[in-house]
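The values are calculated or read from the model by the stated rules, or taken from the named source; none is laboratory data. Worth saying up front: this structure is predicted, and the values here are computed from it rather than measured. Virtual Cβ from ideal backbone geometry, glycine too; neighbours counted across all protein chains shown.
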Amino acid sequence: MCSDQHCHQPLPSFQDNDRTLQDIRESAREDTEYVHLLQYVTSGFPSHRYELNKTALPYRKLRDSLYTDEELVLYGQRIVVPAAH
C-alpha cells in the first residue's frame with residue numbers, strides 16, 4: 001500500500017469532459033497490455049514474477065504504489081499512460 005495519504009485521492013485537475021483524458025481512457029480500453037496491468041492492479045499481482053504477463057513485469061516493483069481511478073492506472077498523482085496513446 002502507498003504510505004502517502006494523498007496518493008489514493010482522485011485527480012482533481014481532471015474532468016471527464018477533458019478531451020485529453022477522454023483520449024487516454026479510450027487508448028487504455030483498446031490497449032491489451034494496459035488492460036492486463038489494470039487487472040493486476042485491481043486484483044493483485046501474481047506472487048511469482050514468472051506468472052506475470054511479460055509486459056507488466058516493469059510495474060511489479062511498483063505494485064504497492066499503483067492504484068486505479070476508474071479505468072486508469074495511477075502511480076501517485078501521475079497517470080500511467082497506455083503505450084498506444
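Observations, loosely collected:
- Residues of the range 50-59 satisfying the condition of being in contact (Cβ under 8 Å) with a residue 12 or more places away in the chain and assigned to a helix (DSSP H, G or I): T55, A56, Y59
- Residues that are within 17 Å of L74 (Cβ to Cβ) and in contact (Cβ under 8 Å) with a residue 12 or more places away in the chain within the range 22-39 comprise D23, I24, R25, S27, A28, R29, D31, E33, Y34, H36, L37, L38, listed in sequence order.
- Just one of (1) at pLDDT below 90; (2) closer than 19 Å to R78 by Cβ; (3) surrounded by 11 or more Cβ atoms within 10 Å (Cβ to Cβ) fails for R49. It is (2).
- Looking only at residues in the range 15-46 that are in a helix (DSSP H, G or I) and among the polar types (S, T, N, Q), the one that is surrounded by the fewest Cβ atoms within 10 Å (Cβ to Cβ) is S43.
- When L66 is tested against (1) in contact with a Ser or Thr (Cβ under 8 Å, 6 or more places away or on another chain); (2) over 14 Å from A83 (Cβ atoms), only condition (1) is not met.
- Any pair with Cβ under 8 angstrom, 6 or more apart, that starts in the range 60-85 at a residue that is small (G, A, S) and ends at one that is assigned to a strand (DSSP E or B): S65/Y75
- Here the condition is being under 9 Å from the mean Cα position of the chain (by Cα) and within 16 Å of E26 (Cβ to Cβ); of V81, V41, it holds for V81 alone.
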